[in-house]
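The values are calculated or read from the model by the stated rules, or taken from the named source; none is laboratory data. Worth saying up front: this structure is predicted, and the values here are computed from it rather than measured. Neighbour counts run over all protein chains shown; Cβ positions are idealised from the backbone, glycine included. Each accessible area value is taken on the protein alone, full model and side chains, heavy atoms only, with ligands, DNA and RNA left out. Shrake-Rupley method; radii C 1.70, N 1.55, O 1.52, S 1.80 Å.
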Amino acid sequence: MQSVPSNLLTNISGTAGVVQISGPAPASAALVTPTAMASFTWVYQATTVGWFKFSAWATGQDSLNYNWINSAGVVSNVVTVQAPGQLTASMAVQRLTVSENQDVEIHLTVTNTGGAAIQNIWTTDTGTLELGVNGSAASTIRVAGPFPAAPGFTLASGASNTLTWTYRGTAIPGVISFSGMAVGTDQNTGQAVFSNAPTSVSVSVQANPALMMEIYPQPASLTQGNVFTLLLTVTNTGTAGLTADAVGVTVAAWSRSARPLPST
Amino acid sequence: MTGPVPAVQAIPGGQARIFTYTYSATSTGVFNFTGGVYGYDGNLYPLPVSASNVVAAANQVTVYQNSPNLLSPWPRRSAAPWASCAPSS
């Protein structure tokens, strides 16, 4: 028996928009043996998100008796059409001011705001572990990070990941800011996906606080039974602010040398 | 008697703040006072910093004995006895 398809019927159902680009290829095929098979290919382009599935069947004419024969219908698996993956990055710093040689944490949050999953995401544009450092970069060192130490992670649609770095400002006065970005691969298309490149607010590196204290009695001389006041003047000679929360006074020395005041 | 007032103060960089103690002088003498202050870095709490004063004449208090009340052992007279000895004019 020889069957020659003369017609290939397809039906598309679903919510996604699709446009036929080409097909079927080949347009027809002669099946010269009872177990012969032929494959036909269509190419469609998905135009809107959603889902769709194909159903198809073939008709052919028996080469001996010229009767028309219909194949059974077949239904494809369901295809989901997703929006492309999209990376959005934001950056935050733990503190706006640090003292000299103190650490500051920087948080880079990467979110997949698109539809398709994005894989193999790196959080710096150079593939190194460093963030971009602006300002007093020469005196700023990376102490730790990124944490979690998982370059090449995957983000599903709507998922986010926050990575943390710790940097230290070693020179004063200093003003530093940090920048970073993320790049990954769209799981559906294999295309590279780049995030925006946010820059943090500036971090001020200040001189460490230092204390100096002096005591001034008022009055400096008085007669027995009267009241006097000690003024403790505490000065912060550094640049960074401080909180003075414990002061104390004791008598350092005493001598019984005071004589009665002369009578007037 | 009282103090320190206030108990806690924030001190911005380059600035000074005053803590006050009030004492009552109950005995005489010359007193030198020493004090200490502890603080915490406002950028990285609780990184401690501290200082104490240098004992010097500037923080010295002298407490004198009250002036004595002088009382005469003789009775008071209406007229000074030496008035009559005054030379006549």
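Annotation: per residue accessible area for the stretch A:71-136 equals 47 Å², rounded to a whole number [probe 1.4 Å, protein chains only]. A Förster radius of 35 Å, combined with the Cβ-Cβ distance separating A:Y66 from A:V19, puts the computed FRET efficiency at roughly 0.45. Largest GNM mean-square fluctuation across A:A252, A:A117, A:A56, computed for chain A with C-alpha springs under 10 Å, falls on A:A252.
Within the stretch A:1-107, list the chymotrypsin sites (Phe, Trp or Tyr not before Pro) lying in a DSSP loop whose Cβ has at most 16 other Cβ atoms in a 10 Å radius. Answer in residue order: A:F40, A:Y66. The stretch A:175-218 and the stretch A:26-46 have Cα centres spaced 60 Å apart. Note on chain A: GNM, Cα springs under 10 Å; of A:T199, A:T111, A:T233, the largest mean-square fluctuation is that of A:T233.
Estimated from the Cβ-Cβ distance and a Förster radius of 51 angstrom, the FRET efficiency linking A:V227 and B:A10 is about 0.95.
What range in chain A is the longest one free of trypsin sites (Lys or Arg not before Pro) that are in a loop by DSSP and have at most 14 other Cβ atoms within 10 angstrom? Answer from the scan: A:96-255. Electrostatic tally near A:V104: other residues with Cβ closer than 14 Å to its Cβ, Lys and Arg +1, Asp and Glu -1, net -1.
On chain A, 55 percent of the accessible area sits on carbon and sulfur atoms, based on a 1.4 Å probe. Interface A-B: total buried accessible area of about 5000 Å², 1.4 Å probe, protein heavy atoms only.
With a Förster radius of 56 Å applied to the beta-carbon distance between A:V32 and A:T189, the computed FRET efficiency rounds to 0.90. Note that the stretch B:2-63 presents 46 Å² accessible area per residue, ligands and nucleic acids not counted, probe 1.4 Å. Amide H contacts for A:A246 (H built 1.01 Å from N in the peptide plane; partners 5 or more residues away or on another chain; cut-off under 5 Å): B:Y38.
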